[in-house]
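> Submitted below is the structure of interest, expressed as structure tokens.
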Amino acid sequence: MNTSLPIADRGAHHLSSSAKLASAVPAAHQKRHSALVRVTHWTTTVAFLALLVSGGEIVLSHPRFYWGETGNVNMRPWLNLHLPSSRDTVPTGYGYVLPDQNGWSRYLHFQAAWLAVGTGLFYVLFGFFAGHFRRNLFPAASDLSIKELGGSLLRHLRFERPGKEEAWSYNVLQRLTYLLVIFVLFPLMIWTGLAMSLGFTSEFPLAVRLLGGQQTARSLHFLVTIFLVLFLLIHVLMVFVAGFRNRMRAMISGTMISGTMTTGRATPPTE
Amino acid sequence: MSNVSRRKIITTGLAVAAGASGIAVAAKVAQHYGLIPPDGGGLYGPGETLTYAAQRLLTRHSMAREFSRSEISENPFANEVDPLGDEFKRLQAASFVDWRVTVDGMAARPASFSLAEIRRFPTSTQITMNGCEEGWTYIAEWTGVPLSYILDRVGALPQVRYVVYRSIQPDWWESIDMADALHPQTLLAHRMNGKELPVPFGGPVRLRVPRQLGYKSVKYINRLTLTDNLKPFGKGLGGANPDGGYAWYAGI
């Protein structure tokens, strides 16, 4: 490590080596996110919000969840959301029925799913080729020790604002979270979604059998949604904590102003 | 700097033009192979076309999952229907002896079959899932005459691309392509769980399209029309559900 760089010195104990390099480059506007990351980030944002709204709307036509292959109002759900429904066949306890929105909701849901899957494939494919995952997301082995992970967790729990050098790289918890979302939660959403399709499962019956049934697939689709929404909320909260304007600038234009991570004010890059 | 941006503009322009003509060619090819659904236009057309084309390329001959007898739902749910009209009640009072299913359109021998005839036709039995677009499901055993048998019997012309089927209920109809119409699991079902098909589940006769959602399995069928073009029917989207804003292809 080059000790002549004070930025790299501070907080270097919880940064991976690539971060140290990045933070050592002095410039007012420094490159932060590649075009691949920025374009796929916002495309996924649009697709995810469309999926969330339309998916929530579809759930309202039957806000009950079951395990196994079958489930309907004649059967006991494991989860009843106790929401008003857009069908009068669902016993909700409410004295009214919401308007049916499933037509456009289903159209939008599948169109947005195509957009999300297409974007995801593009991102993962080019991400591997361009070394995005290796460089930015796979944590350094040294960061995976109990001490490092615990330290990072502690800093998060204390709501410590990230040091400015952290703006140039993801910390270890951030890396693990993004990897979880990209390689576990999103694939699970696609899998459980397709497992509900009568057409898809006619060709690939294992897709639903391995999960334990069509209604189990539907329940899991809903549960994973909750995790993704939690991720979204924390993600946006963290952007605010870390400095909304600069982080948004980094994800839109690709560049960030050095030394502005926590305050939002521009300061000379090397202090 | 201006040279670079000019080059960039030209490159981008060429890429956009190439992309646009690529999509146009893809659309032509898809049209030729029958991969564009009748509701493939409009705001959600791209997604709908991708879904239908992908399913037709992957699942044209696949069989809907079949279940064991022990998996048949003890409490199947009969979704609500519009109130049944006087004509239906009159036929029901006479145990449906006068119920007929008329087959017309592009057939060499258009015909009208009585319920007794339909019940005498060769049957196929399946234990399959009925899945609703709302999210609920049940499993039942269905028995009926394969639609392909009917099409064969009336001499469906080679240019037929869709079968339009109607309920006795006014303005309630749907259609399927030949991949589903000729599919061995697509039935004119008249028995359920070993008994005559109960009225709440579509008796005396309903269509069963087990690779698609329940709204394609129209109840109280009394007319089939063979056609090569869905444009003249309703809004031209291929069914009462598509006319009401739902997708024509309901395999997902």
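Only the coordinates and a few stated rules stand behind these numbers; no lab work does. Remember, predicted model here, so these are calculated numbers, not experimental data. Neighbour counts run over all protein chains shown; Cβ positions are idealised from the backbone, glycine included.
> Within segment A:193-241, track down each residue that is among the small types (Gly, Ala, Ser), touching a residue at least 40 places away in the same chain (Cβ under 8 Å) and surrounded by 17 or more Cβ atoms within 10 Å (Cβ to Cβ).
Residues of segment A:193-241 among the small types (Gly, Ala, Ser): A:193, A:195, A:197, A:199, A:202, A:207, A:212-213, A:217, A:219.
From what is left, the residues that are touching a residue at least 40 places away in the same chain (Cβ under 8 Å) are A:193, A:212-213, A:219.
Within segment A:193-241, A:193, A:213, A:219 meet the criteria.
> Let me ask something additional. Within segment A:158-180, track down each residue that is buried (at least 17 other Cβ atoms within 10 Å of the Cβ) and more than 18 Å from the chain's Cα centre (by Cα).
Passing the criteria: A:162, A:163, A:164, A:165, A:166, A:167, A:168.
> Against the conditions (1) at the interface with chain A (Cβ under 9 Å from one of its Cβ atoms); (2) surrounded by 14 or more Cβ atoms within 10 Å (Cβ to Cβ); (3) more than 30 Å from residue A:210 (Cα to Cα), where does residue B:59 fall short? Just the number, please.
(3)
> Taking only segment A:98-134 into account, find how many residues are among the basic types (Lys, Arg) and touching a residue at least 12 places away in the same chain (Cβ under 8 Å).
The first filter runs over segment A:98-134 and keeps only residues among the basic types (Lys, Arg), leaving A:106, A:134.
Those still in the list that are touching a residue at least 12 places away in the same chain (Cβ under 8 Å) too: A:106.
The total comes to 1.
> Take residues that are within 14 Å of another protein chain (Cβ to nearest Cβ), of a type outside the set (Lys, Arg) and touching a Gly at 6+ places or on another chain (Cβ under 8 Å) and tell me which of the strands (runs of 3 or more DSSP E) falling wholly in segment B:114-215 contain 1 or more.
On the way: elements: B:124-131, B:137-146, B:162-167, B:173-177, B:187-192, B:206-208.
Those strands (runs of 3 or more DSSP E) span B:124-131, B:137-146, B:173-177.
> Tally the residues that are crowded, with 19+ Cβ neighbours inside 10 Å, within 27 Å of residue B:128 (Cα to Cα), of a type outside the set (S, T, N, Q) and more than 7 Å from chain B (Cβ to nearest Cβ), restricting the search to segment A:70-112.
2
> Going by the structure shown, is residue A:155 over 11 Å from the mean Cα position of the chain (by Cα), away from every other protein chain (no Cβ under 14 Å), touching a residue at least 40 places away in the same chain (Cβ under 8 Å) and not in a helix (DSSP H, G or I)?
Details: over 11 Å from the mean Cα position of the chain (by Cα): yes; away from every other protein chain (no Cβ under 14 Å): yes; touching a residue at least 40 places away in the same chain (Cβ under 8 Å): yes; not in a helix (DSSP H, G or I): no.
For residue A:155, the condition - over 11 Å from the mean Cα position of the chain (by Cα), away from every other protein chain (no Cβ under 14 Å), touching a residue at least 40 places away in the same chain (Cβ under 8 Å) and not in a helix (DSSP H, G or I) - is not met.
> Shifting gears a bit: Quickly run through segment A:136-152 and pick out the residues that are part of a helix (DSSP H, G or I) and exposed (fewer than 15 other Cβ atoms within 10 Å of the Cβ).
Taking segment A:136-152 first, the residues part of a helix (DSSP H, G or I) are A:136-137, A:141-144, A:146-152.
Of everything in segment A:136-152, those that are part of a helix (DSSP H, G or I) and exposed (fewer than 15 other Cβ atoms within 10 Å of the Cβ) turn out to be A:141, A:142, A:144, A:146, A:147, A:150.
> If residue B:218 satisfies every condition in (1) crowded, with 19+ Cβ neighbours inside 10 Å; (2) touching a residue at least 60 places away in the same chain (Cβ under 8 Å) but one, which is the exception?
Failed condition: (2).
Residues checked against (1) within 14 Å of another protein chain (Cβ to nearest Cβ); (2) loosely packed, with under 10 Cβ neighbours inside 10 Å:
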{"site": "B:6", "(1), (2)": "no, no"}
{"site": "B:31", "(1), (2)": "no, no"}
{"site": "B:54", "(1), (2)": "yes, no"}
{"site": "B:63", "(1), (2)": "yes, no"}
{"site": "B:78", "(1), (2)": "yes, no"}
{"site": "B:96", "(1), (2)": "no, no"}
{"site": "B:109", "(1), (2)": "no, yes"}
